[in-house]
Amino acid sequence: MSTEVNSPFLEDTKLRADVDRSLRHPVMFFFTSGAAWLAVSLVLGIITSIKTHAPGFLDCTSFFNTGLTMQAHMSTLIYGWGAQAAFGVIIWLMARLSRQESKRSGIILVAGHIWNAAMTYGVIKILMGEGSGIAWLYFPTEVTAVLIGLYFFIGTWSVIAFRVRRGGHIYISQWYILASLFWFPWVLLTGFLFCQIYLGEGHPMMITATSAWFRSALLLLFFTPVAIASAYYIAPKVTGRPVYSYNLAIFGFWALAIVGPWVGMQRLMGAPIPSFMPYLSAGAAILLLIPAIAVAINILRTAKGSSSAMAHSPSLRFTVAGAVGLLLMAGIGALISLPSVMKYTQFSTVQYGYELTAILGFFSMCMYGAIYFIVPRVTNREWISVGLIRQHFWLSIYGVLAIALIYTITGGFMHGDIIERPGEVAATAYSRLYPYAISLTTGFIFLLISTFFFCVHLLLMWLRLGRRSSHPTLLVRHPHGSPHGPEGDLDKLAELDSNLSAN
């Protein structure tokens with residue numbers, strides 16, 4: 001009887017170990033290089049922020065012109081950190097849920113190296129003043145073309161893994177991952193073709209409208225699904241219970257799929273384009289509260305009652321913070337899309353702050369939670385320092401709050417109010433933004449310090465210097481020295497794979 005029970009368990013354990021081993025190098029490469037690009041992005045963000053309240057800072061060279069550093073800052077944040085963190089989570093999570101080890105990890109790794117080389121070339125070109133100048137497509141045309149080509153070498157294998165998956169059930173995380181795998185090339189190709197290739201052939205206003213749509217679509221149809229997929233995997237995995245409501249999870253998926261593609265053009269309200277377009281986008285931005293609330297409720301209710309897991313597990317703590325960040329992102333997005341509010345936000349710093357809140361406060365938090373869960377399994381080592389993890393969490397929270405609450409909401413609305421006053425002198429308006437610019441710089445500094453801890457920790461783990469242990473790294477330990485909490489027994493159980501139906 002014991003042999004019959006243990007045989008499937010041992011077979012499943014070996015299969016999971018084979019999956020982890022097959023993806024060790026590409027997953028760790030994407031996570032580590034992504035974290036390095038995040039540090040670069042934050043340094044560029046600090047330079048840009050300082051120059052808003054100290055224009056003479058680093059004025060010895062044209063490379064650090066405010067416009068150029070802003071473009072490089074956002075490009076490294078989106079394609080350096082965001083895309084690579086998402087790739088690492090996608091290929092591991094799809095392989096794990098499909099029970100298929102990777103046969104082409106070498107191709108993925110080579111594509112990752114070329115991706116980073118193209119990124120480096122693109123950032124240098126931007127700082128030399130040779131970027132495209134198109135928001136979120138700042139790289140020269142040839143760099144964007146290379147990144148699109150490389151994506152197919154990275155993402156194709158996850159689609160194949162899903163196609164040949166073992167078992168008939170499709171988990172909700174797979175729904176989101178598969179959607180993101182198809183949405184990403186659609187969004188990127190659309191932006192590339194209509195904003196870069198046909199730049200001289202289309203009407204400038206429609207190119208601007210397409211660019212506005214592209215920014216929202218990349219955020220809502222790629223970064224958001226990947227973050228939600230990781231949250232739906234981590235929360236049940238750590239708590240040891242199924243998702244609170246499978247039906248609510250499906251509802252949230254389709255709500256995002258239906259509403260997400262319509263958002264973006266509300267930023268052009270009042271522009272000489274068909275008037276229904278910005279108003280339709282504004283309505284869609286408000287309706288995004290529906291999938292955001294559905295997902296957040298599902299994640300938070302799944303974690304509810306697991307106070308021990310919340311206190312002990314860094315993976316769950318970051319994931320729950322990401323669920324709260326999703327609500328914050330959707331709430332700010334709905335607020336700044338109201339036609340009555342748009343006059344205060346359309347040309348102010350609110351839009352930039354909203355994008356930072358979405359990427360750093362929602363997406364990045366979910367990625368951190370996934371990374372803290374995945375890395376010990378692919379390296380067969382545990383995280384070295386509990387203190388570094390704790391500092392990473394709290395400094396990240398402080399940085400995001402400084403950006404989201406102080407800079408975006410308070411400073412952004414004040415900036416918009418000043419712009420609306422026809423008699424206001426521009427210099428006076430910017431002087432009143434001084435304390436809010438300081439808060440942005442402070443937030444970036446908090447995030448840079450936390451990212452430094454994160455990069456060092458990841459590098460040490462990639463070098464396999466972490467301690468060997470049968471238990472995960474927890475933020476708190478049992479008084480007798482052994483890990484305490486549900487995650488400690490996680491891998492002793494047959495894998496739940498996180499997304500079982502609540503029925």
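So here's what we get for this one:
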item: Check on Ala311, hydrophobic (A, V, I, L, M, F, W, C), modelled with pLDDT under 90, under 24 Å from Arg377 (Cβ atoms) and assigned to a helix (DSSP H, G or I); result: yes
item: Cβ pairs under 9 Å, 6+ apart, first in the stretch 343-354 and outside any helix (DSSP H, G or I), second of a type in the set (D, E, K, R) and modelled with pLDDT of 90 or more; result: none
item: Failed criterion for Tyr244 (all others in (1) modelled with pLDDT of 95 or more; (2) under 27 Å from Ala303 (Cα atoms); (3) in contact with a helix residue (DSSP H, G or I) (Cβ under 8 Å, 6 or more places away or on another chain) hold); result: (1)
item: Qualifying residue in the stretch 220-227 (condition: in a helix (DSSP H, G or I), surrounded by fewer than 24 Cβ atoms within 10 Å (Cβ to Cβ), among the small types (Gly, Ala, Ser) and touching a Leu at 6+ places or on another chain (Cβ under 9 Å)); result: no
item: Any hit, the stretch 186-198, residues being touching a helix residue (DSSP H, G or I) at 6+ places or on another chain (Cβ under 7 Å), surrounded by fewer than 18 Cβ atoms within 10 Å (Cβ to Cβ), at pLDDT 90 or above and of a type in the set (Ser, Thr, Tyr); result: yes
item: Scan of the stretch 252-301 for residues that are part of a loop (DSSP other than H, G, I, E, B) and either in contact (Cβ under 8 Å) with a residue 40 or more places away in the chain or surrounded by 16 or more Cβ atoms within 10 Å (Cβ to Cβ) (or both), ordered by number; result: Val263, Gly264, Met269, Gly270, Ala271, Pro272, Ile273, Leu288
item: Among the residues listed as Phe139, Phe152, Phe87, the single one being of a type in the set (Phe, Trp, Tyr), within 30 Å of Gln351 (Cα to Cα) and part of a helix (DSSP H, G or I); result: Phe87
item: Lone qualifier among Trp175, Trp157, Trp254 - being among the aromatic types (Phe, Trp, Tyr) and within 27 Å of Val110 (Cβ to Cβ); result: Trp157
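A quick yes/no check of all residues on (1) basic (Lys, Arg); (2) touching a residue at least 24 places away in the same chain (Cβ under 8 Å); (3) under 22 Å from Phe446 (Cα atoms):
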| residue | (1), (2), (3) |
| --- | --- |
| Arg377 | yes, yes, no |
| Ile406 | no, yes, yes |
| Phe413 | no, yes, no |
| Gly416 | no, yes, no |
| Leu433 | no, yes, yes |
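Conditions (1) surrounded by 19 or more Cβ atoms within 10 Å (Cβ to Cβ); (2) at pLDDT below 95; (3) closer than 20 Å to Ile438 by Cα, marked per residue:
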position: Phe29; (1), (2), (3): yes, no, no
position: Ser33; (1), (2), (3): yes, no, no
position: Val40; (1), (2), (3): yes, no, yes
position: Gly56; (1), (2), (3): no, yes, yes
position: Asp59; (1), (2), (3): no, yes, yes
position: Asn65; (1), (2), (3): no, yes, yes
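The values are calculated or read from the model by the stated rules, or taken from the named source; none is laboratory data. Bear in mind that the values here come from a model prediction, so they are computed numbers and not experimental data. FYI the Cβ positions are ideal-geometry reconstructions off the backbone, even for glycines, and counts take in every protein chain you see.
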